[in-house]
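J.: Submitted below is the structure of interest, expressed as structure tokens.
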Amino acid sequence: MDQSVAIQETLAEGEYCIIAVQGVLCEGDSRQSRLLGLVRYRLEHGGQEHALFLYTHRRMAITGDDVCLDQIVPVSRDFTLEEVSSDGELYILGSDVTVQLDTAELSLTFQLPFGSHTRMFLQEVARACPGLDPATRDPEFQWLSRYRCTEMEPLPRGGNSALGTWPGCARIGGGRYPSGEGRWGLEEARLQGWALLCVGGVVMELPGFLLAEAAAGADPWGSAGGAVRRRDEELEEAAEMSAAAGSRDRDSSGGSHLDNLRPNGKGLFVDQSSRGQDKPENLLTRQTKSKLEITDMVRSSTITVSDKAHILSMQKFGLRETLVKSYLMQKEEDYTYIQNFRFFVGTYNVNGQSPKECLQPWLSHGIQAPDVYCVGFQELDLSKEAFFFHDTPKEEEWFKAVSESLHPDAKYAKVKFIRLVGIMLLLYVKQEHAAHISEVEAETVGTGIMGRMGNKGGVAIRFKFHNTSICVVNSHLAAHTEEYERRNQDYKDICSRMQFCQVDPSLPPLTISKHDVILWLGDLNYRIEELDVEKVKKLIEEKDFQTLYAYDQLKTQVAAKAVFEGFTEGELTFQPTYKYDTGSDEWDTSEKCRAPAWCDRILWKGKNITQLSYQSHMALKTSDHKPVSSEFDIGVRVKNEELYRKTLEEIVRSLDKMENANIPSVSLSKLEFCFQNVKYMQLQVESFTIHNGQVPCQFEFINKPGEESYCRQWLNANPSKGFLLPDSAIEIELEIFVTKTMATKLNSGEDKIEDILVLHLDRGKDYFLSVSGNYVPSCFGSPIHTLCYMREPISDLPLETVRELTLMPLWTEDDGSQLENPMEIPKELWMMVDYLYRNAAQEEDLFQQPGRRLEFEHIRDCLDTGMIENLDTLCILHHSVAEALLLFLESLPEPVICYSAYHNCLECSGNYTASKQVISTLPTFHKNVFNYLLAFLRQLLENSEKNHLDENILASIFGSLLLRNPAGQQKLEMAEKKAQEFIHQFLCNSP
Amino acid sequence: DVLFRLLLIRDSRVGKTCLLCRFTDNEFHSSHISTIGSQGVDFKMNTIEVDGIKVRIQIWDTAGQERYQTITKQYRRARGIFLVYDISSERSYQHIMKWVSVVNEYAPEGVQKILIGNKADEEQKRQVGRKQGQQLTKEYGMDFYKTSACTNLNIKESFTRLTELVLQAHRKELDGVRTRASKELALAELEEDERQTGSP
Ligand SMILES: Nc1nc2c(ncn2[C@@H]2O[C@H](COP(=O)(O)OP(=O)(O)O)[C@@H](O)[C@H]2O)c(=O)[nH]1
Ligand SMILES: [Mg+2]
């Protein structure tokens, strides 16, 4: 069904829908059907302009009522409609074609159905694109102005009665459309989702980022300024935000925005001072969690491709990138080696106190400077304010206290900070390692009141150190001796609910267990069971921790596989860290008189981890707990840059190779085709085979630039398109068949048997097939007067002579004195008529029975070689000769009654005198032929008893042969009747 | 990421197909049956990194025979063109000038070109002196590389160089690379006029 018909109905005068295709408009997740019509408008002063009309439609559009104009995209100089190659993806045979429509202002994506119609559509659109020749005028699209505000104008003709459905104002998007109003069709171009843009080395995280490319107005210059301005404001605002987040004031005022260092997925910014160098316009940060929608656009000019900056586009998440990543993962051992780093892990329940003493005994005494510090606190603040408003001055106090007590032999950079009410975790690394920390994320899980609140729960920081992923968890589990099952449950909840965003949002969030190394610290609150307080204290006094440990709930729960599965804990060689009278080393003397317990613990999970120490620090007396610390040597996978580059290169290369192997490729058994002695209406066939390679492919002969069909008229490829499965083959036949429409030009040399076919593989190569040959001129297709000047058989004449005579104008007969005396009628005509007259005058059904094709070829050869006697000696059906005569008349480039006389003849049909008068005006040779033929036909009628011919039969056969409509093929019944009538007169009346 | 098209042109048998094969697959077949394969237009994809920008290049290998010129001009919509001659064939060198004029006629404005003297390993059969190569280079302001698909001399270098030149020539557009709804950072501006140049 050609839907351009329906579109045409809605168009105005001068507008013509060249071709239409039904496609799917893809905007984000939405898919809507649209009819795309390419409309041409002829300008008054010559020339033409095009526009793409997009319609919504209610079904397969049959009439204008079925379509409703949605948007017009002028085909301007900056218009492109291009197939989007699915890079790296396996092309699926027969799948839709995705095309991208771009103008300076808008960008739309369509899916068009697979097949040649779509291809034709794309070709037509390509042809419609104005060239880049600066000499030609820019298209102005004034004709489109009528669509801009249709309420002022009558509806386009075509009787679209659905007045209500017609959009009051059709949108005209894109193009250099000279109009100030231009916010049409903008919503379409938005892309919702996440985008990561790396700007000068800084990553902007833009949740809900709207790619509003099309948001600029229709006038690219006028509105661009506005867009830029809006963007600058946006950036300023963002810069302010980040500055605020980075300021210490804000931190100490208790904001939870201490994590002012934004991980960028690659490297890390070590301290705030480096931020000062970032110009505001280069920095655009957003709180990850407040998923604000940024409705304005971030235009290209903010993105600079500097030497080091990568553009992390959406394509990063494409199949190709994913493949590269997973291959890199697979080959990790090829380009990394294990290197040990010293980790310090500490946990301290501070019982809501402020720091009163130096933390160095806990954090740095008696150890060498660790590479990484993981320091966790619980019960940082027990006040209601902290609980309800999540705000506490203690945060800053303890942060300072820790920062000041880190090992003095090294400089540390804070990587991340996270707090949930009283549970806080700090992560520092030696400054020189900062560049190797990436993908830092922090999350919290509350398991307290109602199972959600933050009085209990956990916080965690995950990051990548070189190539190893590490997760540090600090948790404060449920209290009270009998509540060990709650504690187990809290642990499970933290494990299941702790989820980290990934750099690649298409990947599922990470959980704790997905890390190479897990370090778990905190006030786990497991107690010592089944022993009374005195017994416990006695065992402690005896330092019989081993015996005591047997009653430790955590030990028994882990042994029962109820909690911390797969985790390891070092031997407890220190006395329980709970519960002391504050400011002393005395066991709890309060009313409750809590039994001592190892509440504060450090566990780990993962390979290449060696615990070096595990101890408590009795020197600190601020809290009712004692802090605990542990040192580890952790083997981290470090990249060898050289090897990494090599591996990456190999992977990219192998992907390229795979991709190249997926480009369809065939082999052809033959590329040159030579057709010798091509004759009029004689089929010649040459075949070749296409052998497919390993990739399924679609092949098609395609048009050469500027041509309407893939080959010349006399040539045909069968089949001209098709599919090939891997390793399969198909035979293609190239057929040459010259008919009347081509014969004359081949005789005259204006056309030659010469062509190049382009065999195109979809998404693959093109192959050129060259066709050559020679044509043997024939009397068939030669003009009457040309034949009259050929006294010799046509095959005896040099080609040059045939050419000259064929090109001789119709009316040159009178002053043709320099030429040989012409014959009165073509000798070939005489040969056929004479033969029929002598042999077939009494033949029944003459001119009504088909001849034989092979015999026609003999007859043609006899006529062209002048071997008339062969006609008699060969045993030929009379009907074959009769048909040859009809073919001869049909193939005359100028009919017996010249085109110029056609209308006169029809007019005076019925008036015999006038008709004779018209005949007398014909060129002499034509007149001769006419009279000669009619005389012959009248002779036949004299034998009508035998041959059963009558005037009506002959008039109907010869009417349309002798009189041909100059307008071409259209057959008008009236005209045909008149033509027959015209001939009829001459059959009935002797001259 | 950036995607664009590079084109190899030359006379037949100068070794263009081999260059491409060496570059993309690191393979060389001396018995390469070139006649069938080379009658048409072939292409391969390659990814290289230049200046930290990942560039995907589509390299076209076109038939060199004269009679295909009217057809192959539609493939000349490339951003960069390798003009290849064979140092052991004086004729192929002579033809470079012809190719230069063909390219100037059909290729888009600002197209980058480099000159390649291939089969540098065939020193004993040398017909074109190195000076001659450099002379052309000067004349047309092109970079020149002496290469060998056989010994893998300067193959990667020349492809990388042309890619660099194209990137430099389009620095402005590159700086203005936009994120596109197509989820792909193709160089819109670079590809923009392709269809138009392609249409007659
Ligand atoms: N010695 C040598 N031979 C080469 C080199 N490159 C190509 N050839 C040979 O030259 C012939 C033509 O190569 P081909 O790539 O098909 O040429 P094309 O027609 O330009 O594509 C083949 O026989 C190749 O083996 C080269 O660098 N050194
Ligand atoms: Mg080749």
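The values are calculated or read from the model by the stated rules, or taken from the named source; none is laboratory data. Quick caveat, the model's predicted, so the values are computed rather than measured. Cβ placement follows ideal geometry from the backbone for every residue including glycine, while neighbour counts extend to all protein chains displayed. Areas reflect the complete protein model, heavy atoms only, side chains present, ligands, DNA and RNA absent. Shrake-Rupley method; radii C 1.70, N 1.55, O 1.52, S 1.80 Å.
J.: Ordering B:MET142, A:MET120 from largest to smallest accessible area (1.4 angstrom probe), what's the sequence?
T.: Largest to smallest exposure gives the sequence A:MET120, B:MET142.
J.: Still on this structure, please answer the following. Using a 1.4 Å probe and counting only protein heavy atoms, how much accessible surface gets buried when B and A come together, both sides summed, in Å² to the nearest 100?
T.: 5100 Å²
J.: Further question on the same structure: Within 10 Å of each Cβ in peptide A:648-656, how many partner chain Cβ atoms are there on average? Round it to a whole number, please.
T.: 3
J.: Would you mind checking A:LYS752/B:LYS16; A:LYS411/A:LYS579; A:LYS721/B:LYS54; B:LYS44/B:LYS138; A:LYS740/A:LYS977; A:LYS456/A:LYS538 for any pair whose Cα atoms are more than 26 angstrom apart?
T.: In this structure, A:LYS752/B:LYS16; A:LYS411/A:LYS579; A:LYS721/B:LYS54; B:LYS44/B:LYS138; A:LYS456/A:LYS538 lie more than 26 Å apart at Cα.
J.: Something else now. Too long at a 23 Å Cα-Cα cut-off: which of A:LYS670/B:LYS98; A:LYS704/B:LYS113; A:LYS400/A:LYS639; A:LYS331/A:LYS657; B:LYS113/B:LYS146; A:LYS827/A:LYS927? Don't skip to the end; give the middle numbers.
T.: Values: A:LYS670/B:LYS98 29 Å; A:LYS704/B:LYS113 26 Å; A:LYS400/A:LYS639 34 Å; A:LYS331/A:LYS657 18 Å; B:LYS113/B:LYS146 15 Å; A:LYS827/A:LYS927 15 Å.
Those over the limit are A:LYS670/B:LYS98; A:LYS704/B:LYS113; A:LYS400/A:LYS639.
J.: Search the structure for amide H atoms under 5 Å from the amide H of A:VAL738, placed 1.01 Å from N in the peptide plane, and list their residues when 5 or more places away or on another chain.
T.: For A:VAL738, whose amide H was placed from the backbone, the distant partners under 5 Å are A:MET681, A:GLN682.
J.: For every other residue with a beta carbon closer than 12 angstrom to the beta carbon of B:GLU123, add +1 if it is Lys or Arg and -1 if Asp or Glu, then tell me the sum.
T.: On the way: positive: B:LYS119, B:LYS125, B:ARG126, B:ARG130, B:LYS146; negative: B:ASP121, B:GLU122.
Charge balance near B:GLU123 sits at +3.
J.: Apply the Karplus parameterisation 6.51 cos²θ - 1.76 cosθ + 1.60, with θ equal to phi minus 60°, to every residue of the range A:490-495 and state each ³J(HN,Hα) to the nearest whole Hz, in sequence, with x for glycine and proline.
T.: Coupling constants for the range A:490-495: 4, 4, 5, 4, 4, 4 Hz.
J.: May I pose another question? May I ask you to list the lysines whose Cα is less than 19 Å away from that of A:LYS745, ignoring any residue fewer than eight positions away on the same chain?
T.: Cross-link targets: A:LYS679.
J.: While we're here: First select every other residue whose beta carbon is under 15 angstrom from the beta carbon of A:GLY749; then total the charges, Lys and Arg +1, Asp and Glu -1.
T.: -1
J.: Same structure, new question: Quote to one decimal, in nm, the extra length available between A:GLU672 and A:THR741 on full extension: 0.36 nm per residue of separation minus the C-alpha distance between them.
T.: Between A:GLU672 and A:THR741, full extension yields 22.3 nm more.
J.: For the range A:894-991, what is the relative contact order in percent, using Cα pairs closer than 8 Å and at least 6 residues apart in sequence?
T.: Working: 94 pairs, mean separation 40.8, N = 98.
Result for the range A:894-991 is 42 percent.
J.: If I ignore ligands, DNA and RNA and count only protein heavy atoms, how much of B:ARG56 is accessible to a 1.4 Å probe, in Å² to the nearest 10?
T.: 10 Å²
J.: Over all residues in A:759-772, what is the mean tally of Cβ atoms on other chains that come within 10 Å of each residue's Cβ?
T.: Mean partner shielding for this stretch: 4.
J.: Over the range A:351-433, average the accessible area per residue using a 1.4 Å probe and give it in Å², no decimals. Before the final figure, lay out each step's value.
T.: Values: 3230 Å² over 83 residues.
Per residue, the range A:351-433 has 39 Å² of solvent-accessible surface.
J.: Which whole-Hz couplings ³J(HN,Hα) result when phi for each residue of the range A:32-49 is put into the Karplus expression 6.51 cos²θ - 1.76 cosθ + 1.60, θ = phi - 60°, listed in order with x for Gly and Pro?
T.: 10, 6, 9, 9, 9, x, 8, 10, 10, 10, 8, 7, 4, 8, x, x, 8, 10
J.: Around A:LEU507, what is the net charge, scoring Lys/Arg as +1 and Asp/Glu as -1 over all other residues with Cβ under 11 Å from its Cβ? Working shown, then result.
T.: Details: positive: A:LYS325, A:LYS514; negative: A:ASP504.
Neighbour charge sum, excluding A:LEU507 itself: +1.
J.: Another question, if that's okay. How large is log10 I(q)/I(0) at q = 0.20 Å⁻¹ when the Debye formula is applied to the Cα atoms of the range A:898-951, each weighted equally and without solvent?
T.: -0.79
J.: Over the range A:332-642, what number does the Rg to Rh ratio reach, with both radii from the alpha-carbon atoms and Rh per Kirkwood? The partial results should precede the final answer.
T.: On the way: Rg = 18.8 Å, Rh = 19.7 Å.
Radius of gyration over Kirkwood radius for the range A:332-642 works out to 0.95.
J.: What residues qualify as long-range amide H neighbours of B:ASP143, i.e. H under 5 Å apart, gap of 5 or more or another chain, H built at 1.01 Å from N?
T.: Correct list: B:LEU115.
J.: Return the sequence-ordered ³J(HN,Hα) values of the range A:456-473 in whole Hz as given by the Karplus equation 6.51 cos²θ - 1.76 cosθ + 1.60 applied to θ = phi - 60°, using x for Gly and Pro.
T.: 10, x, x, 10, 8, 10, 10, 6, 10, 10, 6, 9, 9, 8, 10, 10, 10, 10
J.: If contacts are Cα pairs under 8 angstrom and at least 6 residues apart, what is the relative contact order of the range A:362-479 in percent?
T.: 24 percent
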